[in-house]
Amino acid sequence: MSEILIGSNPDSSEIVITDALGNPMPSIKPKEEVPIEDRGRQLPNPSGYRILCAIPEVEKEFESGLIKPDEMVKKDELLTTVLFVVQLGPDCYQDKSRFPNGPWCQVGDFILVRPNAGTRVVIHGKEFRIINDDSVEAVVQDPRGISRKFI
């Protein structure tokens, strides 16, 4: 099993990322600002039976007009159960024995999933999730008004 250790050099203000043996790991340096028209090209293409989904904008106010605290908005985004299907992987819904009635969703659908489903990725400040094709629990026509039940 490999480990990644993050430490700092006492002689420098630079943070050094090393593996378990102390060897420096390659760094990913941010490039210059990407023009807005090129940002869509940076979305990952889901592989296999995976689905790329976007997280819809979360309401920043309560119905009464009061503004939600930033922590609550962040939690709503993190635990959202409604996703927007952006792209299907090439093997989605191809297994006829598992999906005898065909695909459960298609590009452009709003879907319901479990709150912690998928891999989270943030691209230019917008969160996306990559989920498995069998993680879809329902397709929703209008996601407004649907929220997660908090205990």
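Values quoted throughout were computed directly from the atomic coordinates according to the rules given, and no laboratory measurement underlies them. These numbers were taken from a predicted model, which means no experiment stands behind them. Note that we place each Cβ from the backbone using ideal geometry, even for glycine, and neighbour counts take in every protein chain shown.
With a Förster radius of 22 Å applied to the beta-carbon distance between residue 99 and residue 140, the computed FRET efficiency rounds to 0.70.
Remark on residue 127: its backbone amide H falls under 5 Å from those of 55, a criterion applied only to residues 5 or more positions apart or on other chains, H modelled at 1.01 Å from N.
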